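Just so you know, all these numbers are worked out from the coordinates, no wet-lab data involved. Not measured: the values here are computed from a predicted model. So basically every Cβ, Gly included, is an ideal-geometry build from the backbone, and we count neighbours across all protein chains shown.
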Amino acid sequence: MSTINIKRVKSSEIELKDRLVSIQRVAKVTKGGRTFSFSAIVVVGDENGVVGYGLGKAKEVTEAIAKGIDDAKKNLVKVPIINGTVPHEQYGKFSGGFVLIKPAANGTGVIAGGAMRAVLESAGVHNVLAKSRGSSNPHNVVKATVSALSQMRDAYTVAQHRGVDLNKVFNG
């Protein structure tokens, strides 16, 4: 199996928009009773091919979201987008979460549920068919979706990697 080069992007160069995917109240049981805190999953993207996700934990909701945004800015990946959709069909997996992302015709919209929708819209994909299988845990779905998007390659990248002309990629 070949290694996949994930293109990292610096967050200081682009304007990022954030979306809150999920927020959970978690409890730690101590001798003095339960101590509550919050866990937030946040997706950031420039809606032009750059997306990242982050997890923030804190005693207050706003602090958890702010920490999640900071974490997401450290985990940005570049996604190839061609005519508002993804270049090819791709599977993604993280733990028990499995996702399938397929290109769609113009005008289809983002056909995806919950956590996947947030990631795909933040990446700037406007037409896509997506399916989530297995775990519906937002952590697993977001990570599987980002994994699938980071494995996508456009025809130009494939031609460069193989060392052949762009026409040869399509004509065999």
*How large is the dipole of the chain about the Cα centre if only Lys and Arg carry +1 and Asp and Glu carry -1, each at its Cβ, rounded to the nearest 20 debye?*
740
_Cα pair distances in the range 47-102, grouped into 10 Å bins until the bin that holds the longest one, percent each_ = 20, 34, 34, 11, 1
*Give the angle, between 0 and 90 degrees and rounded to the nearest 10, that separates the Cα long axis of helix 114-123 from the longest principal axis of the Cα atoms of the chain.*
50
*What residue among THR30, THR85, THR145 has the largest mean-square fluctuation in a Gaussian network model of the chain, using Cα springs under 10 Å?*
THR30
*Longest span of the chain, sites excluded, free of GluC sites (Glu not before Pro) in DSSP loop with at most 12 other C-beta atoms within 10 Å?*
90-172
_With +1 on the Cβ of every Lys and Arg and -1 on the Cβ of every Asp and Glu, and nothing else charged, how large is the dipole of the range 79-171 about its Cα centre, in debye rounded to the nearest 20?_
260
*What does the convex hull of the Cα atoms of the range 11-77 come to per residue, in Å³, rounded to a whole number?*
74
*Helix 61-74: angle to the longest alpha-carbon principal axis of the chain, degrees 0 to 90, nearest 10?*
30
*Which values, in whole Å and largest first, are the semi-axes of the equivalent ellipsoid of the chain obtained as the square root of 5 times each eigenvalue of the Cα gyration tensor?*
33, 16, 15
*Mind running the shape call on the range 82-149? Use the C-alpha gyration tensor, a ≥ b ≥ c as the square roots of the eigenvalues: rounded below 1.5 for a/c, prolate if a/b tops b/c, oblate otherwise.*
prolate
*Compute the long axis of helix 138-151 from its Cα atoms, compare it with the longest principal axis of the Cα atoms of the chain, and write down the angle in degrees, 0 to 90, nearest 10.*
20
*So who's got an amide H within less than 5 Å of the one on VAL79, skipping anything under 5 residues away but keeping other chains? H placed 1.01 Å off N, in plane.*
VAL50, VAL51
*If we count every other residue with Cβ under 11 angstrom of SER135's Cβ, Lys/Arg +1 and Asp/Glu -1, where does the sum land?*
+3
*Using a cut-off of under 15 Å, list every residue of the range 50-73 whose amide N is near the label point 7 Å from the Cα of SER37 along the Cα-to-beta-carbon line.*
55-68
*asked:* Check which residues have an amide H placed less than 5 Å from VAL21's amide H, if you skip close sequence neighbours.
replied: ILE41, VAL42, VAL43
